[in-house]
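To keep things clear, I will list the structure first and then write my remarks on it.
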Amino acid sequence: MPETAVISEAAGTGYAYLVRIPYKHRLFITSFKNAVPEPGRDWHPRLSAWLFRRNYLSEVRCLTNQYAETEHWDVLDTTTMAKDQAAGALQELDRQEHEDHVARFLAVLPRIPANALILAGWLEQVIVLDLETYLGDELFRAWIRAGQPERKHASLPYISMNNSRTTRVVVAADSRILRAVLSRSIQRLQMVRDLTLDTVFEDGIIHWRDAQGKLWYGAPYQQALMQHEYVRALYQPSQTYNVAFSPDDQIYLVARAEALDDRFFAWGFNPHIGFTEGYKAPPTGFPLSTFLERYHLVDWFVTWAKRSLAKEECLPVERYGWHRSLWENRNYWIHPAQGLISLLLYHSEEETQAILGWSNDYVKEQHTRITHIKEQHAHHYLDYCRQHAIELALPKLQTKSKSELLAFGEQYGIQVRKSWTIQRLAQQLLSSGGQSVRLANAVLEIPEQQKIAV
């Protein structure tokens, strides 16, 4: 299809008309500026077009036709058409440009190396692909041409780039493009296989089970990404999108039910936000109960919540290199239900609490109980470190310089030699009885008193 220059009305811009040429043509732009002096013109970035006043229409028309003849452009001039005819002509041009875009993308995608692309975002109308791999000039230019021009898609939410070398291309979320993308190895795009169908709901939501019997849920991608449902989407830009096919071969965005904590409770697992203090800013723009009902997860959620709350075990945020934090701060110990309890305490989640059948007093009691469990873990970890100080200190000593290790030997009265390797120095420093225990306690910063504030 020949490239097309467009002259049309520019409703809503404050100018009468616009002219858009197929690409940045410096000679045309210079001629246009000479023909239409300021303030009779303006550049509109969103439309990728020049706006101009009504009295310059004949000059711009002649200029556009002149360059179209030399550059072999088609010209679509809707200013002489009836309103309905003009709208139809622009719609047909849009359709043809879309088909050309799809064809270009499908032609170049197979040439892109596996894992060279990153799925930065998947929205209702477009998918956003980042490239950080060198392709060579010819393939790179073809890849850039395969993307949509900015005027073809609505404003995107902010999506961060990995680095300054990232090249971003936005393409239509056309089903042909999506199926081609799903056939490739692309970062942050995961095909979930070996799912067994569990339940198909009338509204299109589907539940599956994986090989371990864990529940997965999903919706047709169009439904999951509707703009007015953006905050409720299964995924947001910069996350890894999980995809599966329905029994009738439709594309579904899917998620593991147990990953709900990453979406709704992740802030509650941050050790720098105290569990007893809560966190006032809402983690999402809608109640958890709305999400549960939308994806038919209420029954699963009630069972999961009660099972998580009943547990007495906590997991450390980080073990190696963070020993002191684990006994000094109970918030470095994570209980599986603490995010949920914080959500119910500090947010407007009355509907979610009603689903669980928990009273306010019960939630407060569980908060106190979990706090006590976390404190116990902190105390027990200090005891563990006292009993295993030698073995825990060894990795830390092996990261020290030789001069530091020699200084430790002098400070604690342990005989070592300058000619020894760091590994041998560390071993010797921790193999000398009481002096080594004192050294290990100092390296780990273990307090002398048994009781510490948590």
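Under a Cβ-Cβ cut-off of 10 Å, what is the net charge of the residues other than Val192 that fall near it, where Lys and Arg count +1 and Asp and Glu count -1? The answer is 0. Along segment 399-407 the Karplus relation, 6.51 cos²θ - 1.76 cosθ + 1.60 evaluated at θ = phi - 60°, assigns HN-Hα couplings of 8, 7, 7, 4, 5, 5, 5, 5, 5 Hz to successive residues, with x for each Gly and Pro.
Amide H contacts for Asp77 (H built 1.01 Å from N in the peptide plane; partners 5 or more residues away or on another chain; cut-off under 5 Å): Ile7.
In straight-distance terms, cross-link reach from Lys33 covers every one of the lysines whose alpha-carbon lies under 26 Å from its own, apart from those fewer than eight places away in the same chain; here that gives Lys24, Lys152.
Bridgeable lysines around Lys306 (alpha carbons under 30 Å apart, same-chain partners fewer than 8 residues away excluded): Lys214, Lys280, Lys364, Lys374. Based on C-alpha pairs under 8 angstrom that are at least 6 apart in sequence, the chain has a relative contact order of 9 percent. Computed from the C-beta positions of Arg438 and Phe245, the FRET efficiency with R₀ = 51 Å rounds to 0.20.
In order along segment 414-421, the Karplus-derived 3J(HN,Hα) couplings, from 6.51 cos²θ - 1.76 cosθ + 1.60 at θ = phi - 60°, round to 10, 6, 9, 10, 4, 6, 6, 6 Hz, and Gly and Pro are given as x. Only Cα pairs under 8 Å and 6+ residues apart enter the sum, and on that basis the relative contact order of segment 4-80 stands at 42 percent. Distance between the modelled labels on Ser164 and Arg46, one decimal in nanometres: 3.1 nm (7 Å Cα→Cβ projection).
Between the helical axis of 26-35 and the longest alpha-carbon principal axis of the chain there is an angle of about 60 degrees.
In this structure segment 111-254 gives 50 Å² per residue of accessible area when probed at 1.4 Å with all protein chains present.
In this calculation the C-beta distance from His388 to His296 is compared with R0 = 51 Å, giving a FRET efficiency of 0.60.
Residue order by solvent-accessible surface for Trp420, Trp327, Trp43 is Trp43, Trp420, Trp327, largest first, with ligands and nucleic acids left out and a 1.4 Å probe. Residues whose amide H lies under 5 Å from that of Glu3, counting only those 5 or more places away or on a different chain, are Asp74; hydrogens are built 1.01 Å from N in the peptide plane.
The mean accessible area for residues of segment 1-101, using a 1.4 Å probe and ignoring ligands and nucleic acids, is 58 Å² per residue. The 3J(HN,Hα) values that the Karplus relation (6.51, -1.76, 1.60; θ = phi - 60°) gives for segment 133-143 are, in residue order, 10, 6, 10, x, 4, 5, 5, 4, 4, 5, 5 Hz. Gly and Pro appear as x. For segment 375-444, the solvent-accessible area with a 1.4 angstrom probe is 56 square angstrom per residue. Using a 1.4 Å probe on the protein chains only, how many percent of the accessible area of the chain belongs to carbon and sulfur? Of the solvent-accessible surface of the chain, carbon and sulfur hold 48 percent. In the chain, the longest principal axis of the Cα atoms and the axis of helix 83-108 are about 50 degrees apart.
The values are calculated or read from the model by the stated rules, or taken from the named source; none is laboratory data. Bear in mind the structure is a predicted one, so any value in this text is a computation, not a measurement. Positions of Cβ are generated from backbone atoms using ideal geometry, with glycine treated the same way; all protein chains shown enter the neighbour counts. With ligands, DNA and RNA removed, areas are computed over all heavy atoms of the protein, side chains included. Shrake-Rupley method; radii C 1.70, N 1.55, O 1.52, S 1.80 Å.
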